[in-house]
Amino acid sequence: MAAPQFFTPPRVTPSRPKRRFSLEQANRTLPLVGRIVADIVQTHKNATTLQSTLEKTQASSQNRAGLERELETTMERLHALLDELYNVGCEIKDFQSGLIDFIGRHQGRDVYLCWKPGEDKIQYWHELDAGFTGRQPISTLQEKE
């Protein structure tokens with residue numbers, strides 16, 4: 001009789017309370033967030049290119065081991081950058097465009113304050129379940145409860 005198969009659950013990381021930002025606080029973080037996001041977008045692009053190259057490389061290729069090490073190093077860098085962004089308190093929604101959401105408030109409920117590289121300040125917000133297409137101009141945001 002075969003030994004039973006055991007399921008190993010994924011590693012659980014402790015949850016942290018989500019940081020809420022006022023519009024002013026979120027805008028003040030943009031110089032730092034912008035630098036981190038630029039690095040994330042570039043590192044993600046490098047990882048994607050390396051992965052694609054690896055998929056095209058023959059298994060017997062001598063370059064394969066070097067490419068695998070380079071991809072591993074690139075992924076470690078990407079994870080470190082994501083941790084840095086997480087520690088600021090915002091979330092990346094798209095690795096290619098660098099779309100970022102901050103938790104904010106509108107009429108007493110949580111919403112996302114939405115920013116992407118190239119914008120000098122946060123110009124849009126949206127409901128938590130609305131996504132990018134549900135963005136509304138920041139002029140309609142009512143932070144007061």
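Any read-out appearing in this document is the output of simple, stated calculations on the displayed coordinates, not a laboratory observation. Just so you know, these numbers come straight off a predicted model, no measurement behind them. So basically every Cβ, Gly included, is an ideal-geometry build from the backbone, and we count neighbours across all protein chains shown.
Can you run phi through the Karplus equation (6.51, -1.76, 1.60; θ = phi - 60°) for the stretch 116-127 and list ³J(HN,Hα) in whole Hz, with x for Gly and Pro?
These are the phi-based 3J(HN,Hα) values: 9, x, x, 8, 7, 7, 6, 10, 9, 9, 7, 4 Hz.
Output the pairs from Lys18/Lys93; Lys116/Lys144; Lys93/Lys121; Lys56/Lys93 with a Cα-Cα distance over 22 Å in this structure; if there are none, say none.
As for pairs spanning more than 22 Å Cα to Cα, those are Lys116/Lys144; Lys56/Lys93.
Length gain on complete extension for the stretch Asp110 to Gln123, per 0.36 nm per residue less the alpha carbon to alpha carbon distance?
Result for the pair: 3.0 nm of gain on full extension.
What does the charge count around Gly66 come to, taking other residues whose C-beta lies under 15 Å from its C-beta (Lys +1, Arg +1, Asp -1, Glu -1)?
Overall, the nearby charge balance is 0.
For the stretch 89-100, take each phi angle, set θ = phi - 60°, evaluate the Karplus expression 6.51 cos²θ - 1.76 cosθ + 1.60, and give the result in whole Hz per residue in order, putting x for glycine and proline.
Along the stretch 89-100, the couplings run x, 10, 10, 8, 9, 8, 6, 7, 9, x, 4, 10 Hz.
Over the stretch 23-140, what is the relative contact order in whole percent, taking alpha-carbon pairs under 8 Å and six or more residues apart?
Value for the stretch 23-140: 22 percent.
What is the set of long-range amide H partners of Lys93 at a cut-off below 5 Å, with H atoms built 1.01 Å from backbone N?
Those lying under 5 Å, H to H, from Lys93 are Leu99, Ile100, Asp101.
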